[in-house]
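Since the structure comes first, as structure tokens, the remarks are kept for the end.
The values are calculated or read from the model by the stated rules, or taken from the named source; none is laboratory data. Only a predicted model underlies this, so the values are computations on that prediction, with no experimental measurement involved. Here the Cβ is made from the backbone with ideal geometry for all residues, glycine too, and neighbour counts use every protein chain on show. Keep in mind that these areas ignore ligands, DNA and RNA; they rest on the heavy atoms of the full protein, side chains included. Shrake-Rupley method; radii C 1.70, N 1.55, O 1.52, S 1.80 Å.
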There are 2 protein chains.
Amino acid sequence: MTYYEKLVKHSKKINRLSHLGAICGWDQAAMMPEGGNDARSEAMAELAVMSHELSTASHLADWFNQAEAESLTAEETISLKEMKRVWQMSNILPAELVEEQSLAGSKCEHAWRTQRQTNNWHDFSKNLETVVELARKEAAIRAEATGLSRYDALLDIYEPGMTTAELDSLFADVKSWLPSLIQQVREKQNTEAVLTPKGPFFIDDQKSLSLEVMSKLGFDFDHGRLDVSTHPFCGGVPSDVRITTRYDEDDFTSALMGVIHETGHARYEQGLPQQLAGLPVGQARSMGIHESQSLFFEMQLSRSPEFIALLAPSAREAFERENDKALTNENLALFNTRVKPGYIRVDADEVTYPAHVILRYEIERDLIEGNIEVVDIPRLWDKKMNEYLGLSTKGNYTDGCMQDIHWTDGSFGYFPSYTLGAMYAAQFMSAMRTEMNIENLIRERNLTPIFNWLDRHVWKKASTLSTDQILINATGERLNAQYFRTHLIDRYLK
Amino acid sequence: MTYYEKLVKHSKKINRLSHLGAICGWDQAAMMPEGGNDARSEAMAELAVMSHELSTASHLADWFNQAEAESLTAEETISLKEMKRVWQMSNILPAELVEEQSLAGSKCEHAWRTQRQTNNWHDFSKNLETVVELARKEAAIRAEATGLSRYDALLDIYEPGMTTAELDSLFADVKSWLPSLIQQVREKQNTEAVLTPKGPFFIDDQKSLSLEVMSKLGFDFDHGRLDVSTHPFCGGVPSDVRITTRYDEDDFTSALMGVIHETGHARYEQGLPQQLAGLPVGQARSMGIHESQSLFFEMQLSRSPEFIALLAPSAREAFERENDKALTNENLALFNTRVKPGYIRVDADEVTYPAHVILRYEIERDLIEGNIEVVDIPRLWDKKMNEYLGLSTKGNYTDGCMQDIHWTDGSFGYFPSYTLGAMYAAQFMSAMRTEMNIENLIRERNLTPIFNWLDRHVWKKASTLSTDQILINATGERLNAQYFRTHLIDRYLK
């Protein structure tokens, strides 16, 4: 057996442990009764330790050296490079720091769940200071090992290759036109009459509708399923993708759009190349590319008037409301594209969403680089909310800087993925339009050419190309925020 | 850390891996879409390898030696002894034999699924010969290591401490009265008019009824759940017990009695002592004791006329059949205690069931000891079926010696557990009757004293006592087949 083959075998072994963790994690969120939690958490922690031991085994350095000297095909060389990248990422941090971070993160997150409810910034900020301090240590170690800046070194975990320089430039572009665009959309929408669909929408009916829409979107039920959890997610493994939703009897669109979003994530996973299964090179490229697929499904595709015209009849049938004026094609199209600045990121529409992300990015970047401190966050949050969305969060931590879970456990560098995803999705759609008439295809209920394009340009590429190369190969250029702007203007101002 | 503590930590680590395997195994049977099977099987196999590596780690011999020299409490001494027993069991077989058996078993079982359908004994017997040959090798190695006879060494895997000598004596007792008892019951029942409940019984209604009955039987839904699978089982972990059933719209009693049976297994698991969780000494004692709990729930308790009088009103309500004559208390009591010799073990009633088990025991004992060969099985099967149940299986392999999965993968020594369980259950019930009036308690819907007795005498004992000691402590004597006989006479001939 060559060293390359040994590394392949080793990667697949680690991947099989991830498989067990993914299924048990899904179970924990979607199936497990409350009383099973302690033993499950212990079992999952044990798995994480074993997986970490395998990922950082001391003989791997030698194996990589030996494999690099072997005669490999072009594909094997790329695969080896990606294995090495993942291995290096696993080996950068000392085990004690990882453990310290895990404890501080758990403590901060656990306390946050009550502190957020009582608007208790004072106590929360103490815990957050520890988390930030450890994240700065992590960033310094990663920066040292990679030659990147501190924040870039964290960004690299979620979006390999992305830099502060590029984000600053992309987001400066967005900031130059977004506030006035929001204003224009608001003025236009103020003249529109929209009916809010009135519940109850029975959960069994919502579930049937969800399954029907997933089928329309090509979800492979032989390799996945839909269930319920408090926080919707896409989990499982490529051969068995588990997506979840939560149903609200007063509002069916929230679960439905959520299911469509997760179906985008799911099709990416289901579409990954089988011959690279279990290898780093066969995994999804990045968080941003993953989000581009869910946002392509949810925003680019499903909130278009043409797609709503497919969805609405199914909804009227599922809920037996043939004559409900709130469920006409036209009203549902308007209802699903309403724009309104609000405090909460996860409730935001696609127009105001980037403002939430840019605000967080700017704060976490400066926090990690040491230019600001935790104590500065509320003031900056309020200032930027005013600037980008015209809202004040002064004294309101609950709906301000304490609303998200990300910082509580130290996931700095993650937020940009959301808006990168939206921009990638718009750029993919723009490129796709040069090859086909999207609206006609939707009207003809022929979505296959659309999915085939994504499969060819994104899903089957997995991690064989860098994010930049995926964009260039698929769209002819690097990421460019103008496609996202054009999409918003076309949808909301024409 | 003492060596005893090191061993405790190591045992818990192995147990946490079992936890992941148990949940992923349950998922595979109850949740997983078909297309997820290949990757899942690989992940489960990887887990089995890692678990085996941990169980057989070379430093453990030294740890056990060191721990045995340490000053331990009485409880710790018992725990250490059980850890050592499990460790020795894991270390007896050479890895190559285990792998050979796994391959031969998979091959034989896989082919059996079609061969059984086509009554193809000829081809099946070739595969079975290999399986038997390897099982004989295993038995010889285990006999050598334990000083037991070959078959006893296999029996010891499932029912530690049980021997051929004792089984021969117990089963000789049963055989001396069972055939004539079956005859008498048949004659008595021929005079009874029984109505067969007619479907459809909707699955949602059956599910509600199952959940209601599980609640009545004290199943803890904070530490477990009920789902559906092709082959019903009790899985998961003590803190989160997963039981499954399958519903038949034509017959609600089959799923209902199945759920009650699995609830018995589940309560044993849920009742195991929490302070011993994750240690061998905290596990269920044996397959026979496990079966005694499921059969106590299903046979001793739930098929009694008093319990049926609790079940029947719930059934009539669940199916909205207040006036269905087949669902009266009296008819359901008769219907659930019908006795009829048949070919198929899994469909057998509690009176004829032991005949199926004794037949298999006698054949597998002689097969492993080398007194007969695979080629002799059909003739012996037919002879014994005639002798014990008055039925011939000549030429009918499908419903004869090819009906069970057990031998296909080499699980010789397992069958006796079923009838040992039935006999343990009857003996437990007899002892319980000296302390309380079971029928009155059921009529008063006060089952707690019954469950408390089982909890005290069986569940909380886990593996801190030998099976013999559990019996003696709980009932005053070792296993005695007469209690089972008395139970059958009381229920079926009075």
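Across the stretch A:279-325, the number of residues qualifying as under 21 Å from A:Thr245 (Cβ atoms), among the hydrophobic types (A, V, I, L, M, F, W, C) and assigned to a helix (DSSP H, G or I) comes to 13.
Here A:Ser215 meets the list (1) on the phi < 0 side of the Ramachandran plot; (2) of a type outside the set (Val, Ile, Thr); (3) away from every other protein chain (no Cβ under 14 Å) almost entirely, failing just condition (3).
Identification of helices (runs of 4 or more DSSP H) wholly contained in the stretch B:1-89 with 1 or more residues that are in contact with a Ser or Thr (Cβ under 6 Å, 6 or more places away or on another chain) and facing chain A (nearest Cβ under 9 Å) yields B:3-30, B:37-55. On the stretch given as the stretch B:237-251, residues that are open to solvent by 20 Å² or more (accessible area, probe 1.4 Å) and in a strand (DSSP E or B) total 2.
Select from the stretch B:252-278 the residues that are part of a loop (DSSP other than H, G, I, E, B) and open to solvent by 10 Å² or more (accessible area, probe 1.4 Å) and write down the one among them that is nearest to B:Pro232 (Cα to Cα). Show your work before the answer.
Taking the stretch B:252-278 as the starting set, the residues that turn out to be part of a loop (DSSP other than H, G, I, E, B) are B:272-273, B:277-278.
Going one step further and asking which of them are open to solvent by 10 Å² or more (accessible area, probe 1.4 Å), we end up with B:272, B:277-278.
Details: B:Leu272: 22, B:Ala277: 25, B:Gly278: 25 Å.
So, considering only residues that are part of a loop (DSSP other than H, G, I, E, B) and open to solvent by 10 Å² or more (accessible area, probe 1.4 Å), the one nearest to B:Pro232 (Cα to Cα) is B:Leu272.
Evaluation of A:Glu70 against the conditions (1) exposed (fewer than 15 other Cβ atoms within 10 Å of the Cβ); (2) under 16 Å from A:Phe412 (Cα atoms); (3) in contact with a Phe, Trp or Tyr (Cβ under 7 Å, 6 or more places away or on another chain); (4) not aromatic (Phe, Trp, Tyr) shows that the sole unmet condition is (2). With respect to the conditions (1) without any contact (Cβ under 8 Å) to a residue 60 or more places away in the chain; (2) in contact with a Phe, Trp or Tyr (Cβ under 7 Å, 6 or more places away or on another chain); (3) not assigned by TED's automatic domain parsing to the domain that holds B:Gly278, B:Thr475 lacks only one, and its number is (3).
Please work out if B:Ala43 is open to solvent by less than 40 Å² (accessible area, probe 1.4 Å) and not acidic (Asp, Glu). It is true that B:Ala43 is open to solvent by less than 40 Å² (accessible area, probe 1.4 Å) and not acidic (Asp, Glu).
With the structure loaded, tell me whether B:Glu109 is open to solvent by 70 Å² or more (accessible area, probe 1.4 Å) and either without any contact (Cβ under 8 Å) to a residue 40 or more places away in the chain or over 26 Å from B:Leu7 (Cα atoms) (or both) or whether it fails that test. Step through it out loud before you land on a result.
Working: open to solvent by 70 Å² or more (accessible area, probe 1.4 Å): no; either without any contact (Cβ under 8 Å) to a residue 40 or more places away in the chain or over 26 Å from B:Leu7 (Cα atoms) (or both): yes.
In short, no.
Considering every residue within the stretch B:126-134, establish whether at least one is within 25 Å of the chain's Cα centre (by Cα), more than 27 Å from B:Gly400 (Cβ to Cβ) and not assigned by TED's automatic domain parsing to the domain that holds B:Met423. No, the stretch B:126-134 has no match at all. With respect to (1) more than 18 Å from B:Lys384 (Cβ to Cβ); (2) part of a helix (DSSP H, G or I), the lone exception for B:Met162 is condition (2). Taking the listed residues A:Ser304, A:Ser294, A:Ser254, the one that is touching a Cys at 6+ places or on another chain (Cβ under 9 Å), under 26 Å from A:Met429 (Cβ atoms) and in the same structural domain as A:Arg443 (by TED's automatic domain parsing) is A:Ser294, with no other qualifying.
Taking the stated definitions as given, is A:Gly161 within 14 Å of chain B (Cβ to nearest Cβ) and on the phi > 0 side of the Ramachandran plot? First the steps, then the outcome.
Working: within 14 Å of chain B (Cβ to nearest Cβ): no; on the phi > 0 side of the Ramachandran plot: yes.
Taking the combined requirement at face value, the residue does not satisfy it.
If you check A:Gly218 against the conditions, is it assigned by TED's automatic domain parsing to the domain that holds A:Leu310, part of a strand (DSSP E or B), open to solvent by less than 70 Å² (accessible area, probe 1.4 Å) and small (Gly, Ala, Ser)?
On the way: assigned by TED's automatic domain parsing to the domain that holds A:Leu310: yes; part of a strand (DSSP E or B): no; open to solvent by less than 70 Å² (accessible area, probe 1.4 Å): yes; small (Gly, Ala, Ser): yes.
For A:Gly218, the condition - assigned by TED's automatic domain parsing to the domain that holds A:Leu310, part of a strand (DSSP E or B), open to solvent by less than 70 Å² (accessible area, probe 1.4 Å) and small (Gly, Ala, Ser) - is not met.
Looking at the stretch B:77-85, is at least one residue among the hydroxyl-bearing types (Ser, Thr, Tyr) and either crowded, with 16+ Cβ neighbours inside 10 Å or on the phi > 0 side of the Ramachandran plot (or both)? Yes; the residues of the stretch B:77-85 include at least one that is among the hydroxyl-bearing types (Ser, Thr, Tyr) and either crowded, with 16+ Cβ neighbours inside 10 Å or on the phi > 0 side of the Ramachandran plot (or both). Residue pairs whose Cβ atoms lie under 8 Å apart, separated by 6 or more positions or on different chains, with the first residue in the stretch B:221-246 and within 7 Å of another protein chain (Cβ to nearest Cβ) and free of Cβ contacts under 8 Å to residues at least 24 places away in the same chain and the second of a type in the set (Gly, Ala, Ser) and open to solvent by 10 Å² or more (accessible area, probe 1.4 Å), are B:Phe221/B:Ser215; B:Asp222/A:Gly35. Given the criteria within 30 Å of A:Ala193 (Cα to Cα) and touching a Pro at 6+ places or on another chain (Cβ under 6 Å), does A:Ala333 qualify? Yes: the conditions hold for A:Ala333.
When you scan the stretch B:87-101, do you find a residue that is surrounded by 16 or more Cβ atoms within 10 Å (Cβ to Cβ) and touching a Gly at 6+ places or on another chain (Cβ under 9 Å), even just one? Taking every residue of the stretch B:87-101 in turn, at least one turns out to be surrounded by 16 or more Cβ atoms within 10 Å (Cβ to Cβ) and touching a Gly at 6+ places or on another chain (Cβ under 9 Å).
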